[in-house]
Each structure stands twice: as C-alpha cells, then as structure tokens.
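Take a look at the structure set out below.
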Amino acid sequence: MSIMSRLHNLFCYSLLVLLGMASPLGHSVTPDDGLELAVSQSGVGLLDSDSGDVHIGLTPEQYEAGLRRLEKDLEARYARAHANDRQHLAAQLHVIQSHLQGVKQSYQKHIEDLTTRIVQLESIRGQVPDDLLDRTQQALADGDNRQVEQLLQQLETRSANVNTITAEINYQRCQIAKDEIRYRQASTLCRSAAQLTPDRTDYLSDLAGLAYTLGEYDKAVGYYEQALANSLKTVGEDHPDVAISRNNLGTVWDAMGDYKKAIGYYEQALASDIKTFGENHPDVAIDRNNLGMAWYALGDYKKAIVYLEQALASDIKTYGENNLQVAAYYNNLAGAWYALDDYAKSHEYLDQALKIFENTLGENHPDTRRVRASYQQLQSDMEGREKESGALE
C-alpha cells in the first residue's frame, strides 16, 4: 500500500506542473486587442498598435540572467530562513530552477505574459499621458522591472486617484511581484486591484490563483466564485470564461479533498466546452483529464481511465506525440493502470511519458527526474513480481 501511494503521488505530479490552474481570465491576446506580437528566435519582437510600436527588447540571455539572480537570492533567503518558512521558499526555488531547466519554453511563455500585460495597460490610454504610458509599456517589453515600477508610480501620481487606473497599476505591480516569486506581496496588490474594481473578472481570477498557490484554498474558492458570478452576469452560461472559472473551482475543491464537489464543477466545464469548441479541443481534453484524476482519487480507476484515454487521444490529434501535455496524460494513465494492478500497461504508458519528458525538457529537468524515479520504481516492482511468480512455480 505504501508503494502504491508513493507511486500515485509521483505519477500525478506532472498534472500539477503541466495542467495546474487554468490561465487567468481575460488575459489572452486576440486580434481585437489592436496589438500584434512577433517574436523571432533571438527573442526580439514587435508590438504594433495605434499608438506606435513597442519593441520586445528582453533577450533570452537577459531573461536567463535574471532567473539566475533570483535563484541566488532565494538560496540565500532559504539558508537564513526559519524552519517554518523553508518549505515555502523551497517551493519557490523549485519554480525558478524548473524555469532554468526548460529556459527556452519558459522564455517564450514569459514573452507571452509580457505581451498580455502591455495589452492590459492599453485599458487606461486616454486617462493618462500617452508618452508616459508608452514609456511604461516599452520598459515592460524590455523586462526592466525597476523602471516599470518608477513609471507606474508616475502614472499613479498623474491619475488623480481614479479607481480604474489605480487598480490597473496595482495589477501590473502584482505581475512584477509574481515574476520575482514574491507571492504574498503579489496577492496584496491583486487584492487591492480587485477591491477597487470588483467587476474585473481577470483581477479576481489572478487573485484566486495566488491564493491557491499560497495554499489559501478557502480564499481561492471565494474569489473564483466571484469571478464565476461576474462571468455569468456579463457573458452568459456557455462562454469559455465561465467554463474556466468552473474548472478552476473544481481544481481548488480537488486540492481540498472534496472530489465529488470537484467533479460537479468539472462536468459543468466539460459540457460547456464541448458545446463551444467541439470534442477535440485542448480545453475539452483538460476537462476530461481533471475529471479522470478526480475519479481516480475516489477510487474508480476504470472510470478515470475512460476520461484519461479520451484526453490523450484528443491531444495527440492536436499536438502530436512529442508534447508535454500529452506526456502528462500518459503519466496519469500509468498511475491509473498501476492502481488496477496492471503493471505491464502502466509500464507502457510511463515509458511513453518518460521519453517525451527527456526529449522536451532534457534528462536532468526536475520533472523528468521525478518521472524517471517512478519508472525505475515500477521496473523494480515488476521484477519483484516476476521473482515471486517464479518462486511460486
């Protein structure tokens, strides 16, 4: 039993890393935003907007150097921290080290996030001086957090305490704090933004995600419920934002161990996403994966496998075989077949997951090492079973 529990945690780990909480609402860049990003292999891109051009100036080398400075700072803080704070700092350090191990993918995601935040700042254009806003956007594109902070302060001074502007400035500061793994400060800033403009679903969703990260699940539920109520009021029952809020609520209830309540939210999200996107959309696959893992937690492994297989088949069509999300589904299926005592099937799926992790993240990435540890443990269990079988004969 102890081996099975340990393997369950290891098999399921990539679900937390790769799927986790859905992206905050309202933050995707669409053609309607009026800005378009092109990122070259060197990392230099361009945002075109009606107000002028914003060049993405943060290079991959600068991004990696920033991560290494942050890693050193966290290591120093960990060394002098009290025992009660070390677990939280260790988790933060793991995030940075994971980014460094998969720095190419991490850099591209960071550029996408910067783009989203530049777009977000457009919401206050016309209420603050254009030249100051342009400089703030460019500093953000350059990854110069210190200059961004100074310019945000100037924007706030020039805004005459207009709630919507103050809220957006606090939201932008929240994102900088998240970049620097200062989650508690980020939470305080996002809370201020959400309190000033409670109708902003994106602020609430980010605040909920931070509460989840900090293990404050009751608060996360409350914020996600507010986000869901806002979305239902503004966009209606079958909008993707509503499905995201429900999926996020399911994830929090899942973390709290109330799997039946989680399943209720996941099922609503799945029904809505199938109606909106069709059967083979990545969001539908995530809904099915999450349902599968919740049924797994309730001990209904066969039902779990049905959902996990559907998620796997869908994402193979979407992404092909060599994709981390596909690897997560292989990984979770390995755990489900192990729970059914089918070691051969479990080995088949875990072997596929390990190959994708090694090809995509490299052999020494922390997540690759975790999957490899599960794989080695499974091989040991299979050898032990063969010896027992031989002895009985």
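The set of residues from region 142-164 being within 17 Å of Ala65 (Cβ to Cβ) and touching a Ser or Thr at 6+ places or on another chain (Cβ under 9 Å) comprises Gly143, Gln147. Selection of region 92-118 for residues being over 20 Å from Leu210 (Cβ atoms), in contact with a Gly (Cβ under 9 Å, 6 or more places away or on another chain) and at pLDDT 85 or above yields Tyr107, Gln108, Ile111, Thr115. Being open to solvent by 60 Å² or more (accessible area, probe 1.4 Å) and under 22 Å from Gly257 (Cβ atoms) is the filter; apply it to region 302-315 and report the residue that is nearest to the chain's Cα centre (by Cα). Step by step, filter region 302-315, then rank; the result is Lys303.
Test Ile169 against the stated conditions and say whether it is more than 23 Å from Gln97 (Cβ to Cβ), in contact with a strand residue (DSSP E or B) (Cβ under 7 Å, 6 or more places away or on another chain) and not acidic (Asp, Glu). No: the conditions fail for Ile169. From the list Ser231, Ser192, the one residue that fits, being in contact with an Asp or Glu (Cβ under 8 Å, 6 or more places away or on another chain), touching a residue at least 24 places away in the same chain (Cβ under 8 Å) and either closer than 18 Å to Ala269 by Cα or hydroxyl-bearing (Ser, Thr, Tyr) (or both), is Ser231. Among residues of region 203-219 being in a helix (DSSP H, G or I) and open to solvent by 10 Å² or more (accessible area, probe 1.4 Å), the one that is nearest to Gln92 (Cα to Cα) is Thr213. Just one of the listed residues (Asp287, Asp273, Asp254) is of a type in the set (Asp, Glu), touching a helix residue (DSSP H, G or I) at 6+ places or on another chain (Cβ under 8 Å), part of a helix (DSSP H, G or I) and over 22 Å from Gly335 (Cβ atoms), namely Asp273.
The condition of being in a strand (DSSP E or B) and either more than 22 Å from Asp144 (Cβ to Cβ) or at pLDDT below 65 (or both) holds for only one of Leu89, Leu47, that being Leu47. Do we find that Arg370 is modelled with pLDDT under 95 and surrounded by 18 or more Cβ atoms within 10 Å (Cβ to Cβ) in this structure? Here the answer is yes, as Arg370 does meet what is asked.
Scan region 190-200 and give yes if some residue there is within 25 Å of Gln87 (Cα to Cα) and either open to solvent by less than 50 Å² (accessible area, probe 1.4 Å) or assigned to a loop (DSSP other than H, G, I, E, B) (or both), otherwise no. Within region 190-200 (the criterion being within 25 Å of Gln87 (Cα to Cα) and either open to solvent by less than 50 Å² (accessible area, probe 1.4 Å) or assigned to a loop (DSSP other than H, G, I, E, B) (or both)), the answer is yes, since at least one residue qualifies.
The values are calculated or read from the model by the stated rules, or taken from the named source; none is laboratory data. A quick note: this is a predicted structure, and the numbers were derived from the prediction, not measured. With ideal geometry, Cβ positions are generated from the backbone for all residues, glycine too; neighbour counts draw on all protein chains shown. The protein model used for the area step is the full one, side chains on, heavy atoms only, and it has no ligands, DNA or RNA in it. Shrake-Rupley method; radii C 1.70, N 1.55, O 1.52, S 1.80 Å.
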